[in-house]
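Everything on this sheet refers to the single structure shown next.
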Amino acid sequence: MQSEYSIRRANLDDLTVLRGLWEIACLPVLELEKHLTDFQVVVRPDGVLVGTMGLRVSGSHGLIYGESFSSAHQEEQVRPFLWEKLLVLARNRGCERLWMKGVGTGFWQSAGFRPPGSDELLTLPKAFGDGSGRWLTLVLREGPALPEHLTAQLARLQEEQYAQAERIRFQARLFKWIAGVIALAFLAAAAWLLFKLLSSMPRSRF
């Protein structure tokens, strides 16, 4: 795998391909593309993107979501390596528990995911969902028991920081687009002035 594929964070250049993968997997494309930097992608040596998986963090909880692959063969081949990468990222970011929504495949069950108990489901961060539907969870480590109000404040602070980072990225893309429009307008105005100047010049007579 290491000699054939590489894993890296998704960027804007990947967005077109990711949209196609998410559409194939019947995932909410518009929602997922807002969180592009949550995603890791698998790329072949020829530069073709063949799979992706996302990790969103809220407090000491992480959400695994948005996984999609270019084919069933690629899914079976690269999913374990994407999961290994996200597991390392989750541990590095201090996650004590991971969540994922939907019916877990045999792979996720073998990775240790299981249906949460009713008490566990109460700890699901609101940023991940309201708890409806089928959820799976995996405990990475048992953390120290913090007072409930401190846990809620920590989760809220991280969610606010995440939202602020998303706003900054959106503003950067908007400013880049505006700069492009201004540049095009300037070029169009310069071309028009040049045309008017040439049109007003007296023509030579032979």
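Quick note: the coordinates plus some simple rules give every number you see, no bench work behind them. In this text the structure is predicted, and so the values were computed from the model without any measurement. Cβ coordinates were reconstructed from backbone atoms using ideal geometry, including for glycine residues, and neighbour counts include every protein chain displayed.
Here's the picture: a label point sits 7 Å out from the Cα of Leu27 along the beta-carbon direction, and within the stretch 91-134 the residues with their amide nitrogen under 12 Å of it are 101. Once C-alpha pairs closer than 8 Å and six or more residues apart are averaged by separation and normalised to the residue number of the chain, the relative contact order reads 16 percent. The charge dipole of the stretch 1-63, taken about its Cα centre with unit charges on the Cβ atoms of Lys, Arg (+1), Asp and Glu (-1) only, comes to about 160 debye. How would the stretch 6-142 be classified by its alpha-carbon gyration tensor: rounded, prolate or oblate, with rounded meaning a/c under 1.5 and the a/b versus b/c comparison settling the rest? In terms of gyration-tensor shape, prolate. Taking the Cα centre of the chain as reference, the dipole from Cβ charges on Lys and Arg (+1) and Asp and Glu (-1) amounts to some 1080 debye. Were the residues from Arg91 through Arg9 laid out at 0.36 nm apart, the gain over their Cα-Cα distance would be 27.9 nm. Relative to the longest principal axis of the Cα atoms of the chain, the long axis of helix 148-200 lies at roughly 10 degrees. Multiplying the residue separation of Ala191 and Leu174 by 0.36 nm and subtracting their alpha-carbon distance yields 3.5 nm. Between Leu89, Leu36, Ser70, the Cα set farthest toward the positive side of the dipole of the chain (charges on each charged residue's Cβ, about the Cα centre) is that of Leu36. Placing R0 at 35 angstrom, the Cβ-Cβ distance between Ala183 and Thr16 gives a FRET efficiency of 0.95 after rounding to 0.05. The angle separating the long axis of helix 72-92 from the principal Cα axis of greatest extent in the chain is about 80 degrees.
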